[in-house]
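Colleague: Below you will find the structure I want to go over with you.
The values are calculated or read from the model by the stated rules, or taken from the named source; none is laboratory data. It should be emphasised that the depicted structure is a prediction, and the values quoted were computed from it without experimental measurement. For neighbour counting, all protein chains shown are included, and Cβ atoms are generated from backbone atoms with ideal geometry for every residue, glycine included.
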Amino acid sequence: MVQPEAPQARLILNGKSAQIPDVRDAVQAMRDQGHSLDVRVTWEAGDALRLVHEAAEAGVSRLVAGGGDGTVNEVVAGLMALEAPRRPMLGILPLGSANDFANGLGLPLEPEPALSLALTSRCHGVDVARLGEDCFINMATGGFGAEVTTSTPLALKRLLGGGAYSLMGMLKAWHYQPYRGRLEWADESLETPLFLLAIGNGRQAGGGQCLAPGAKLDDGLLDVLVVRHFASLSEMRQLLQEIEQLPRDGEFVRTIRTPGLTFTSRDAFPLNLDGEPRHLRRFEVTLEPRAVKLAMPDGSDLLAGSG
Ligand SMILES: Nc1ncnc2c1ncn2[C@@H]1O[C@H](COP(=O)(O)OP(=O)(O)OP(=O)(O)O)[C@@H](O)[C@H]1O
Ligand SMILES: [Mg+2]
């Protein structure tokens, strides 16, 4: 039941950032401007999910996820657990270490302008990907990409920015074994030793790596990047070149646009959903079109209507 005193907006804040002076000031500034905004703070994983449920019960019309990609992911999961008409609108106050989704959206990183945009800007329906019990709004990465983005985000940065020799050395030192996986989508399939799999609703992961540059948030499609494993330094050079160009059907790189796909592997495959780690042997990804109304900067090129 909607309570008469229900606040219009509620900030679900990752407890890591609860005492940052700029965040406190930003909340105060919004209240001073007349916004009805209250704040709930998380302690651990699972809290944000529950807080979304409570906010919907209280009739909050706009939620702001204050944190990094993991916090946004958990708030989105909470929204997706509600029936579509009961989902509050969503804004983002970027306070994480990578903030890949927020950066892809071009959100301000300073708390006050970010919170102001989150509360006041127009909302657009954006797609959300479901993957079993989980969901993601930005990107799922798998294979080597998931391991390095989970453990050392900078390693992926160095890899994709060049540095073939050091990467070969690193892979050897790790005794890196590629994962053999089978992807199926539409009426096509692909079975290959995988180096990297990136499934983009949004564009970037791993602290600024643009792995799906053509992705739109509301086109009902996933932009998938498949990178086959390589055996030698020269193969790796070619792979890095192809990653720059992202061909549809290269020797190492394939790019696919599809509303859904399934993945099967013999071993548990390391996967990273909006920065949160999982290990899965088989999964199916589907998209729920325009499932969440997201506060976005005007003229964002992440919308299908844009260029
Ligand atoms: N009070 C808290 N203190 C520490 N960790 C918390 C707290 N509340 C929730 N968490 C954990 O924080 C994680 C999410 O962090 P989040 O992704 O928002 O920040 P980040 O990892 O620094 O940013 P990014 O993912 O953008 O790099 C979740 O796994 C959640 O369990
Ligand atoms: Mg995180």
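Colleague: Look at G250 and say whether it is touching a helix residue (DSSP H, G or I) at 6+ places or on another chain (Cβ under 8 Å), surrounded by fewer than 19 Cβ atoms within 10 Å (Cβ to Cβ) and without any contact (Cβ under 8 Å) to a residue 12 or more places away in the chain.
Modeller: The answer is yes for G250.
Colleague: With respect to T262, determine if the residue is surrounded by fewer than 21 Cβ atoms within 10 Å (Cβ to Cβ), out of contact with any Ser or Thr (no Cβ under 7 Å at 6 or more places or on another chain), in the same structural domain as F144 (by TED's automatic domain parsing) and closer than 22 Å to M80 by Cβ.
Modeller: Answer is yes for this residue.
Colleague: Go through (1) of a type outside the set (F, W, Y); (2) away from ligand 2 (no atom under 16 Å from the Cβ); (3) in a loop (DSSP other than H, G, I, E, B) for E44 and report which single condition fails.
Modeller: Going through (1) of a type outside the set (F, W, Y); (2) away from ligand 2 (no atom under 16 Å from the Cβ); (3) in a loop (DSSP other than H, G, I, E, B) one by one, E44 breaks only (2).
Quick grid of which residues meet (1) within 11 Å of ligand 1 (Cβ to nearest atom); (2) modelled with pLDDT of 95 or more; (3) of a type outside the set (S, T, Y); (4) in contact with a Pro (Cβ under 9 Å, 6 or more places away or on another chain):
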{"site": "Q28", "(1), (2), (3), (4)": "no, yes, yes, no"}
{"site": "R31", "(1), (2), (3), (4)": "no, yes, yes, no"}
{"site": "L37", "(1), (2), (3), (4)": "no, yes, yes, yes"}
{"site": "L49", "(1), (2), (3), (4)": "yes, yes, yes, no"}
{"site": "V52", "(1), (2), (3), (4)": "no, yes, yes, yes"}
{"site": "V60", "(1), (2), (3), (4)": "no, yes, yes, yes"}
{"site": "G68", "(1), (2), (3), (4)": "yes, yes, yes, yes"}
{"site": "N73", "(1), (2), (3), (4)": "yes, yes, yes, no"}
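Colleague: Here is a check on your reading of the model: is R290 surrounded by 13 or more Cβ atoms within 10 Å (Cβ to Cβ) and more than 16 Å from ligand 1 (Cβ to nearest atom)?
Modeller: The answer is yes for R290.
Residue-wise test of (1) assigned to a strand (DSSP E or B); (2) more than 21 Å from A186 (Cα to Cα); (3) in the same structural domain as S189 (by TED's automatic domain parsing).
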site: R257; (1), (2), (3): yes, no, yes
site: A268; (1), (2), (3): yes, yes, yes
site: N272; (1), (2), (3): yes, yes, yes
site: R281; (1), (2), (3): yes, no, yes
site: P297; (1), (2), (3): no, yes, no
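Colleague: Within the stretch 94-112, take every residue that is aliphatic (A, V, I, L, M) and buried (at least 20 other Cβ atoms within 10 Å of the Cβ) and give me the one that is nearest to ligand 2 (Cβ to nearest atom).
Modeller: Checked the stretch 94-112; the qualifying residue nearest to ligand 2 (Cβ to nearest atom) is A98.
Colleague: Restricting attention to the stretch 48-61, does a residue exist that is surrounded by fewer than 20 Cβ atoms within 10 Å (Cβ to Cβ) and on the phi > 0 side of the Ramachandran plot?
Modeller: Yes, the stretch 48-61 contains at least one residue that is surrounded by fewer than 20 Cβ atoms within 10 Å (Cβ to Cβ) and on the phi > 0 side of the Ramachandran plot.
Colleague: Which of the following residues is assigned to a helix (DSSP H, G or I) and more than 14 Å from N138 (Cα to Cα): Q241, Q177?
Modeller: Q241
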